[in-house]
Each structure stands twice: as C-alpha cells, then as structure tokens.
Amino acid sequence: MEPQLLHTVTDSVATVVIHHPAKRNAMTAAMWAALPPLLDALAADPEVRALVLTGEGGTFCAGADISTLRGSPQEAQSLAVRAEEALAAFPKPTLAAIRGHCVGGGAQLAAACDLRFAKEGALFGVTPAKLGIVYAASSTRRLVSLVGPAAAKYLLFSGELIDTDRALRTGLVDEVLPAGELDKRVAEFTKVLAVRSRLTQAAAKEFANGLTDRDGYWAEQARGSGDTAEGVAAFLERRQPRFTWSVPFRG
C-alpha cells in the first residue's frame, strides 16, 4: 500500500491513521498536503464528534520523509506547519494515540491535538536542531504552552528523545498506558467525549487556544442551543443528556 492517510468513522469517532510503515510512518509531502482537506471533510461531517490520530503498527510518526521533497528540509517544515495548524484548528476534540516513536513532525502533530495518550515505551523528540531548521514560531509557542519554557528549550536545544515517564511529568502526554491497554482506553475516553456537550467542548477549545474575545458569540450560542436546559433536565431526571448543538463549519 502506498504511503497515505487512512480514515474511518465509527460510533461518532473519526480515526485518522498515518500509514507509511516502511519508514516508521514518516509523512511524505503528499501526506502533509492531504491532511488539511481531510480534516475539513471530517469537521463538516455531523456524525463526527471526536477525532483520534494514530500511526500504523507500532510507531506513531517518525517525522517528515525528506526523500519525497524536492526542496530543502525547510520545505518539509512549511508543509508540516500547515498540517499542524489545520489539526489545531479542528473544531472538535482531538486525541493522539501514540506508540513507539513520536519524533519531529510527528511530535508537531501530536502537540496540535487536544490530548495525547501514549503506550509505555513510546519515545518523543523535537528534532529541528539536528537538521539546522528554525522551528516555526507557532510550533514553538504550542510546545511551550504544553510543557513550559524550560522543558521546551531542553527538547528544542538538544533534539534528544525522552521517554513516557518524562513526557508525562512535563505535560507532553496526558496518560501513559501499559501494553495492550492503549486502544481500549482511547475507545473508552472518546466514547465519553462523544456524549458530552459539543457546545461546551467547542467553546472551551477556543478559549484554551487563546481566542478569549468571543465570550459574546458563545453566550449567544448557549442561549439558542437548548444544551443547558437539556443538561439540567437530564441531571434531575438521572438520565443521559441528549445534546443537540452542532459545531458550525467554517471551512
């Protein structure tokens, strides 16, 4: 099978699989370019309520496949940043399910997700210093927001790999699961995400990402949504709420 991004939608959760096992799921130029339109399509799909990004087999993503680029490694970074920004802007909750190496562009993609769950033994690295690349300002800010300035400098200055224990301590990952438990935990957690209020999730995602000037917009959305009334009624009636607000697609 050619290197590509595969995707499925099951029980309201979209799963995007980075498929290039011959090169530890390194992203080709075509794969980087394909990610933003794929995300647009999934964002517009009303059935999709959460998204999981993962890699084929035992590796998440080893970065960019430089051999597929006609230009310099800087060209690879430009493609990676566009894909990273598209992933960060995805309007529904996103979760990276990580096994094995999560390095370079793979770490960029993982950092652009809202949450990161990793299998024990995974390795993480931010490696532009090994190639003489200036890491993009947006990517640097995102990394700093996750792990703090000191840990971000350690990763960026050295390009060294860190294990799941250190990734968990620094906030680069949210949960570390033993072998055989990652898929089960991801399925359980995304099932929870899929039944929660999309209104709450979308507003919280914007605010957490720094878009703090849209209080008025979200207050208006809340007034017209019916989600709050449904949530209170479901709580009082001791039943699962049936939230109906949908994320407006702004592709």
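A few remarks follow.
- Scanning the stretch 87-116 for residues that are over 18 Å from Asp65 (Cα atoms), buried (at least 18 other Cβ atoms within 10 Å of the Cβ) and aliphatic (A, V, I, L, M) yields Leu87, Ala88, Leu95, Ala96, Ala97, Ile98, Ala111, Ala112, Leu115.
- Selected residue (only one of Gly171, Gly180 is surrounded by fewer than 14 Cβ atoms within 10 Å (Cβ to Cβ), under 20 Å from the mean Cα position of the chain (by Cα), on the phi > 0 side of the Ramachandran plot and free of Cβ contacts under 8 Å to residues at least 60 places away in the same chain): Gly171
- The residues of the stretch 117-148 that are among the basic types (Lys, Arg) and crowded, with 18+ Cβ neighbours inside 10 Å, listed by number, are Lys119, Arg142.
- Residues of the stretch 8-46 satisfying the condition of being in contact with a His (Cβ under 9 Å, 6 or more places away or on another chain) and closer than 17 Å to Ser67 by Cβ: Arg24, Asn25, Ala26, Met27, Thr28, Met31
- The condition of being under 14 Å from the mean Cα position of the chain (by Cα) and among the hydroxyl-bearing types (Ser, Thr, Tyr) holds for only one of Ser139, Ser78, that being Ser139.
- The single condition among (1) assigned by TED's automatic domain parsing to the domain that holds Leu87; (2) among the basic types (Lys, Arg); (3) buried (at least 16 other Cβ atoms within 10 Å of the Cβ) that Lys205 does not satisfy is (1).
- In this entry, Glu160 passes the filter for residues that are more than 23 Å from Ala30 (Cβ to Cβ) and either touching a residue at least 24 places away in the same chain (Cβ under 8 Å) or of a type in the set (Lys, Arg) (or both).
- Note on the stretch 200-251: residues that are part of a helix (DSSP H, G or I), small (Gly, Ala, Ser) and more than 28 Å from the chain's Cα centre (by Cα) amount to 4.
- Any chance Thr164 is of a type in the set (Ser, Thr, Tyr) and within 30 Å of Gly224 (Cα to Cα): no
- Filter result for Phe157 (outside the structural domain of Ala41 (by TED's automatic domain parsing), outside any loop (DSSP other than H, G, I, E, B) and surrounded by fewer than 16 Cβ atoms within 10 Å (Cβ to Cβ)): no
- Within the stretch 44-78, the set of residues being modelled with pLDDT of 90 or more and over 30 Å from Gly180 (Cα atoms) comprises Ala44, Asp45, Pro46.
- Looking only at the stretch 102-127, residues that are in contact (Cβ under 8 Å) with a residue 40 or more places away in the chain, in contact with a strand residue (DSSP E or B) (Cβ under 7 Å, 6 or more places away or on another chain) and closer than 16 Å to Asp165 by Cβ come to 9 in all.
- Test for Ala122: is it in contact with a helix residue (DSSP H, G or I) (Cβ under 9 Å, 6 or more places away or on another chain) and closer than 19 Å to Val52 by Cα: yes
The values are calculated or read from the model by the stated rules, or taken from the named source; none is laboratory data. It should be emphasised that the depicted structure is a prediction, and the values quoted were computed from it without experimental measurement. Because the Cβ atoms are built from the backbone with ideal geometry, glycine has one as well, and the counts that use them run over all protein chains shown.
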